[in-house]
Amino acid sequence: MHAINYESPRTVDEAVKLLAAHGEQARPLCGGTDLIIQLRAGVRRPEHVVDVKNIQEMRRIEFSIQRGLRLGAAVPCIEIYENGDMRKYYPGLTEAAHLIGSLQIQSRASVGGNLCNGSPAADTTPALIALGAKCRVVGPAGERLVPVEDFCTAPGRTVLQPSELLVEFQIPSPARNSSDAYLRFIPRNEMDIAVVGVGAAVTLDLNDDRISEARIGLAAVGPTPIFAREASQSLAGKRINDEAIERAAQLAIAATSPIDDMRGTAEFRRHITGVLTRRTLAKAIERARISPTSR
Amino acid sequence: MAASADGQGYRVIGTRPIRHDGIDKVTGRAKYGADYSFPGMLYGKVLRSPYAHANIKSIKTDKAAALPGVKAVVTADDLPALADKMEQAGEQAINLSQLSANILARGKTLYDGHAVAAVAATSPHIADEALRLIEVDYEVLPPVMSVEDAMKPGAPILLPGLRNKDEGPEKQTNVATHLQFKRGDIEEGFKAADHVVEREFKTAMVHQGYIEPHNAVGIYNADGHATIYCSTQGSFVVRSLSAAVLGMPEGNIKVVPAEIGGGFGGKTTIYLEPLSVLLSKKTGHPVKLTMTRAEVLRASGPTSGSTIRCKMGCTKDGKLVAAQIWMAYEAGAFPGSPVGAGAMTIVAPYNIPNLLVDAYDVVVNRPKTAAYRAPGASNAAMASETVIDELADKCGVDPCDFRIMNGAKEGTPQTAGPPYRRIGFIDTVEAIKSSPHYKSKLEGRNRGRGVGSGFWFNVGLQSSAIVNLHTDGTASLVIGSVDIGGTRAAQAMIAAEVLGLDVNDVRPLVTDTDSIGHTDVTGGSRTAFATGWAVYEAAQDTVRQLKERAAKLWEKKPEEVAFSNGQFTAQGDGVKPMTVKELAGRLARTGGPISGRATVNARGVGPAFATTVVDVEVDPDTGKVEILRATVAQDVGKAIHPSYVEGQMQGGTAQGIGWALNEEYFYDDKGILRNSGLLDYRMPTCLDLPLIETCIVEVPTPGHPLGIRGVGEVSIVPPPAAVANAIAHAVGVRMTELPMSPPRLLKAMLSRRGGAESQAAAAGR
Amino acid sequence: MAKKVVVEATINGEQTEFLCEPRQSLLEALRDVLELTGSKEGCLTGDCGACTVIVDGRPLCSCLMLGVEAQGKTVETVEGLAKPDSLHVLQQKFLEHASLQCGICTPGFLMSAKALLDHNPKPTEGEIRYALAGNLCRCTGYDKIVRAVADAAQTLASGTGQGRGGRLGSGPSASEQTERFLQGQEVK
Amino acid sequence: MATVVIPAQLRKLTGGKDRVEASGRNIGRLIEDLDRQFPGFREQLLQDGDVKPSIAVSVDGEMGTGGVLEPVGENSEVFFLPALGGG
């Protein structure tokens, strides 16, 4: 690995100053489970590594049924699924965090790092998209909110300017009779990168068994994570039945532009997108029926 | 005196003591190759070709050499040119000029990752940075990645000098060897068949996947002598090959075998060892090289991918009458795939009167293959054992009964001609047939059960052993066979059995090439068999000498002294029986210390057979296969330490399941390896496997004092076929390609359903 | 070359100071600086688990953490597992069950298993397999490793009166693991 | 006389015969006699005065370890086959 300088700011303000000072030559370090591998491979060669894990603001999980969730970008996955509120109100995002790599990886990897790495296959991203999460980005010029589905621009690329920092995710409080789910397909039972990942969040109208709102996010089936807009909208107001779910699955497939690689063929990925969209919606709906927000 | 090989009356053999080296390995104290460091040690790194096939026009190293901290840069020009001919090296015949060209490319790179240059620097990071500064001018050539492409007329030629007997001395070719085995009359054979199944199979190149990357520390001294510390399966083969590649006298190199973190055949040759000495010679410092995982996958020796056409016929009552096989194996960049073994194992478990096997060793732009656990046999069994399962289905015969009906036994001719002596193939099938697993009922949709069998030769070769009896009556056992999976314990148990000592009173020690007689690799499942034989004889030699001492004390002739159950006795008055411990205390006054010695070039090696049953469940929507249950039965001759015998059976089964389902080298159209890491080279995790049940079958090897058979390899042979057969019975598709990964299996299932629907449509239903 | 940094950490119970370059991983710091070579390098990408250590109670891959990140942290490695006069029960069970063949993956498995039992003294087979899924073993097929961890859990449990742990063939399959977390049935 | 079983690819030397008789108290002498009867065997089987590393010899069902010095009995059955190793 080339020589680097390591800095460990304690506040967002300090961090942003450091990033601004070094510009292209700085890279934030969180869990390091992607960055350290890239540094070793020489894929990224920043002179300065800015460790943002020790910034308390980026390590908090703040939830209230009124205000929803503020999830620090640097919270490691293991702290997400150990959190009772997360398990209870955001099971889909929680299971995505629980699926990433191994326990060893989950001890380090963060949802923010997962997103900033810009991989189309990031497990937590479709779950965030499904929940309508927004990224709070802070830079020298101030801060802005970016919807997760607009965050990645190409493999390994995001909307972040060199001096900007993703500080936290803001996720709406779960609506009545709503829940979410995330499923991915991998050839083994652990350790793999998603061949396809599907996150879904649904809100139900239990009076006449309809879906009032749905959002579907897709991973590993295009150059960036995908918000399957048409598929999501197609479910709004529909009765819960196989026909509606099948239509959504077909529209989800239509939203993909997968490639052939060592993880699967494009043809296979399209097929699995359909399978997982059906399974994920069914799981989210089942959860929403008994959701803690139901009473 | 140990009891006879019928397995009765052993005191130590067959028990499960804690391995002698265990405590070092659970406390982190055991020293593996990469754990060695020396004062002033430098770190070496290797520059590797980014192209699958290219001419090297020039290499500029001055910028790299100028980087602060860099002490030396070497290329193939720093190694002697060697004769282009086969030499014997331990258990393998090897071409030294090709071996050298694989360690540092000469003029041409032949695969993605082929070593081109090496540097030594004061830190591994500086060495890494230095690699980026070496300028290589490549002329990129078209890569040849498959045996089919390599065998096409006009295919790009990898090795300009390569010729074969069929095509003659004029013709440049990628086909290194054509082997043929013939028996009976193949046409007549198929005429007599009621059922014939013929299929073409493809199996992917796969890697042994040992967790410890290759490593070496070289220390060259001004007197022309060098020491190499490395993790290897054979310290003597490292010495002879490194000496040849470096142009040094063999005696000037001492190889100290470190603990080894897995090998499975992949550490029976050399990669970094001569470079560590070369760089040490240039710098005057010890130099350590370790491969990264990507280097291990790109540039060490995996095993061959293959194409196999298998046609077999049987009568309606299930008697095999004919088999015709065409097989071509990827050798990698240089000749030497295990296709010969594949040809001689593919129908080895069966008695087939009419047989024709054609086998081709083909060079392609992939890493030079190395041995991998029963090399060549798993590919072959994937073909023959699935075809046999199909024939059994056609005959309506239980797959175990079909194998028993046609199974090879004593006297059955092997593929290459010689008849079998006593073997336990049918015993393994019967063990599976009567196992709780096979007797259990498998219920549920998309679930199926499959059986497969496998054969492996095992080898004998040379081993040495020394037993030093100490004055306290304990013994140190010195051997040259590195311990890759618990063999120290087995060797100590054999010595303890013979000497009548407690197993913990024998301290096994694996030593370096200067401290023990020649010992071939820990490979070919030979260590318990051949080194165990040497240990047995060395212990007997110790007993013989002890009898002389007892005779002295008792004023008797040595032949009057008897030894049994750890006690020396003789007839007559004044003779008080003595134990080995008691006698050991009297050595000084009866002639001095005792060392028992023996060397063997072991004959009469007994082949091994295994039969495996697997239950699977297939996800019909995704093609993902779950292994529900697996049981393996293996003829081990005599289990010295049953826990480690079971471990070999379970480990081979796990590797075979990985080979069956997800492991494969994935090259792009430019011949670049796309999955050179353990994230995408998918070996089974412990969530992918069930507990693996074992049935130890003991049919002693005739002639061996303990009846031992090698146990290390054959268990990897049956699983791919067993899994394929289980999938066929679960979802009705016959898979003919490895790995049977979700995309492949899903495609096969969808096309079958598509076919069924179109048939239904055609039938107007 | 960036200059070296002084790092203070508690390593296997000892307050320790060491010098390392920012680009050196914790694994390099342990092996090359502190000469604690029990943690092994298998892949440098966090996929094999041979370098697993426990940092502030969490198992992680020391190849994917910089040495400088250990500042102020508590690090446990395989070298700290045994007491001077006795092995850790996991070490003892690995020996009794012949859970190691080549032994290169053993330190990592021991640390992952310790992290599991520290948080969940009564794991099911499914939970054991999930906790060890980040550690690759190529020799054993995992059978004897899973048995050893289950046995160690039982021994610990009976010793501490926590009832029987480590039930083989019981509990959820791999695919059921996540659901259990969500239902809060398991505290990791 | 010992019986020598000829590998498929050397049968061109024996006019297609798969079994021939030859004499010699060891493999070296046996190969000399084979070469006298069917010129070409020496070149096919020997290198530097010993059996080629790529070839294994089986005498009466047992793999030989003695190369040209491997003893051959009056009525032995001798096979020449490819040598191979293991993992």
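Scan B:723, B:699 and give me the residue that is outside any loop (DSSP other than H, G, I, E, B) and in contact (Cβ under 8 Å) with a residue 60 or more places away in the chain.
Just one listed residue meets the conditions, B:723.
Among (1) in contact (Cβ under 8 Å) with a residue 12 or more places away in the chain; (2) not assigned by TED's automatic domain parsing to the domain that holds residue A:161; (3) not in a strand (DSSP E or B), which single condition is residue A:50 missing?
Result: residue A:50 fails condition (3) only.
Take the conditions surrounded by 24 or more Cβ atoms within 10 Å (Cβ to Cβ), touching a helix residue (DSSP H, G or I) at 6+ places or on another chain (Cβ under 9 Å) and either over 22 Å from residue B:262 (Cα atoms) or not aromatic (Phe, Trp, Tyr) (or both) and apply them to residue B:721. Does it pass?
Answer is yes for this residue.
Which residues, counting only those in segment B:497-509, are touching an Asp or Glu at 6+ places or on another chain (Cβ under 9 Å) and surrounded by fewer than 24 Cβ atoms within 10 Å (Cβ to Cβ)?
B:503, B:505
A quick yes/no check of all residues on (1) without any contact (Cβ under 8 Å) to a residue 40 or more places away in the chain; (2) over 28 Å from residue B:527 (Cβ atoms); (3) surrounded by fewer than 23 Cβ atoms within 10 Å (Cβ to Cβ):
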{"position": "B:553", "(1), (2), (3)": "yes, yes, yes"}
{"position": "B:566", "(1), (2), (3)": "no, no, yes"}
{"position": "B:569", "(1), (2), (3)": "yes, yes, yes"}
{"position": "B:572", "(1), (2), (3)": "yes, yes, yes"}
{"position": "B:579", "(1), (2), (3)": "no, yes, yes"}
{"position": "B:593", "(1), (2), (3)": "no, no, yes"}
{"position": "B:605", "(1), (2), (3)": "no, no, no"}
{"position": "B:619", "(1), (2), (3)": "no, yes, yes"}
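When you go through (1) closer than 28 Å to residue A:56 by Cα; (2) within 14 Å of another protein chain (Cβ to nearest Cβ) one by one for residue A:192, which number turns out not to apply?
The single condition residue A:192 does not satisfy is (1).
Report the residue count in segment B:49-75 for those that are within 22 Å of residue B:336 (Cα to Cα) and of a type in the set (A, V, I, L, M).
2
Could you tell me which residue of segment D:38-63 is modelled with the highest pLDDT, considering only residues that are within 8 Å of chain B (Cβ to nearest Cβ) and on the phi < 0 side of the Ramachandran plot?
Applying the filter and picking the extreme gives D:58.
Could you check how many residues of segment A:3-17 are of a type outside the set (Val, Ile, Thr), surrounded by fewer than 21 Cβ atoms within 10 Å (Cβ to Cβ) and not in a loop (DSSP other than H, G, I, E, B)?
The qualifying residues number 6.
Considering only residues that are surrounded by 12 or more Cβ atoms within 10 Å (Cβ to Cβ) and of a type in the set (Asp, Glu), which ones fall in segment B:49-87?
Across segment B:49-87, the qualifying residues are B:78, B:84, B:87.
Could you run through segment C:80-107 and say how many residues are more than 9 Å from chain B (Cβ to nearest Cβ) and either under 18 Å from residue B:687 (Cβ atoms) or assigned to a strand (DSSP E or B) (or both)?
So the answer is 2.
Can you list residue pairs whose Cβ atoms sit under 8 Å apart, with the first residue in segment A:18-32 being among the charged types (D, E, K, R) and the second being crowded, with 19+ Cβ neighbours inside 10 Å and in a strand (DSSP E or B)? Count only pairs 6 or more apart in sequence or on different chains.
Sorted first by the residue in segment A:18-32, then by its partner, the pairs are A:27/A:48; A:27/A:49; A:27/A:50.
Show me the helices (runs of 4 or more DSSP H) entirely contained within segment B:216-308 in which 1 or more residues are within 14 Å of chain D (Cβ to nearest Cβ) and touching a helix residue (DSSP H, G or I) at 6+ places or on another chain (Cβ under 6 Å).
Answer list for segment B:216-308: B:235-246.
May I ask you to list the residues in segment B:703-737 that are within 30 Å of residue B:535 (Cβ to Cβ) and either within 14 Å of chain D (Cβ to nearest Cβ) or among the polar types (S, T, N, Q) (or both)?
Result: B:703, B:704, B:709, B:710, B:711, B:712, B:713, B:714, B:715, B:716, B:717.
So residue C:3 ticks every box in (1) in a loop (DSSP other than H, G, I, E, B); (2) within 11 Å of chain B (Cβ to nearest Cβ) but one. Which box is left unticked?
Of (1) in a loop (DSSP other than H, G, I, E, B); (2) within 11 Å of chain B (Cβ to nearest Cβ), only one is false for residue C:3: (2).
Of (1) more than 22 Å from the chain's Cα centre (by Cα); (2) over 16 Å from residue A:186 (Cα atoms); (3) aliphatic (A, V, I, L, M), residue A:253 satisfies all except one. Which?
So the condition that residue A:253 fails would be (1).
For the structure I just gave you, tell me whether residue B:691 is at pLDDT 95 or above and closer than 30 Å to residue B:9 by Cα.
So residue B:691 does not fit the description; no.
Output yes when any residue across segment C:11-18 is within 11 Å of chain B (Cβ to nearest Cβ) and either among the basic types (Lys, Arg) or surrounded by fewer than 24 Cβ atoms within 10 Å (Cβ to Cβ) (or both), and no when none is.
yes
Against the condition surrounded by fewer than 24 Cβ atoms within 10 Å (Cβ to Cβ) and in contact with a helix residue (DSSP H, G or I) (Cβ under 6 Å, 6 or more places away or on another chain), how does residue C:82 come out, does it pass?
Considered against the rule, which asks whether it is surrounded by fewer than 24 Cβ atoms within 10 Å (Cβ to Cβ) and in contact with a helix residue (DSSP H, G or I) (Cβ under 6 Å, 6 or more places away or on another chain), residue C:82 comes out as yes.
Any chance segment A:68-91 includes a residue that's surrounded by fewer than 21 Cβ atoms within 10 Å (Cβ to Cβ), assigned by TED's automatic domain parsing to the domain that holds residue A:143 and assigned to a strand (DSSP E or B)?
yes
Can you find a residue in segment A:274-286 that is small (Gly, Ala, Ser) and away from every other protein chain (no Cβ under 14 Å)?
No, every residue in segment A:274-286 fails to be small (Gly, Ala, Ser) and away from every other protein chain (no Cβ under 14 Å).
Those residues that are surrounded by fewer than 22 Cβ atoms within 10 Å (Cβ to Cβ) and among the small types (Gly, Ala, Ser), I need them from segment A:275-295; list them, please.
A:282, A:294
Looking only at segment D:43-81, count every residue that is under 17 Å from residue D:5 (Cα atoms) and polar (S, T, N, Q) and tell me the total.
The qualifying residues number 4.
So that you can scan it fast, the table gives a plain yes or no per residue for (1) in the same structural domain as residue B:702 (by TED's automatic domain parsing); (2) surrounded by fewer than 23 Cβ atoms within 10 Å (Cβ to Cβ); (3) within 21 Å of residue B:719 (Cα to Cα):
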position	(1), (2), (3)
B:403	no, no, yes
B:413	no, yes, no
B:428	yes, no, yes
B:437	yes, yes, yes
B:440	yes, yes, yes
B:446	yes, yes, yes
B:472	no, yes, no
B:477	no, no, no
B:481	no, no, no
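For residue B:698, indicate whether it is within 20 Å of residue B:654 (Cα to Cα) and either at pLDDT 95 or above or among the hydroxyl-bearing types (Ser, Thr, Tyr) (or both).
So residue B:698 fails the test.
Within the group B:408, B:383, which residue is among the hydrophobic types (A, V, I, L, M, F, W, C) and within 14 Å of another protein chain (Cβ to nearest Cβ)?
B:408
Kindly list, by first and then second residue, each pair from a residue in segment B:669-692 that is facing chain C (nearest Cβ under 8 Å) to a residue that is of a type in the set (Ser, Thr, Tyr), limited to pairs with Cβ atoms under 6 Å and residues at least 6 apart or on different chains.
B:677/C:45; B:686/C:142; B:689/C:142; B:692/B:653
For segment A:103-213, which helices (runs of 4 or more DSSP H) that fit wholly inside it have 2 or more residues that are at pLDDT below 95, closer than 28 Å to residue C:126 by Cα and not assigned by TED's automatic domain parsing to the domain that holds residue A:85?
Where helices (runs of 4 or more DSSP H) fall fully within segment A:103-213, none carries at least 2 residues being at pLDDT below 95, closer than 28 Å to residue C:126 by Cα and not assigned by TED's automatic domain parsing to the domain that holds residue A:85.
The values are calculated or read from the model by the stated rules, or taken from the named source; none is laboratory data. Since the model is a prediction, treat every value here as computed from it, not as a measurement. Ideal geometry is used to build each Cβ from the backbone, glycine not excepted, and the neighbour counts take in all protein chains shown.
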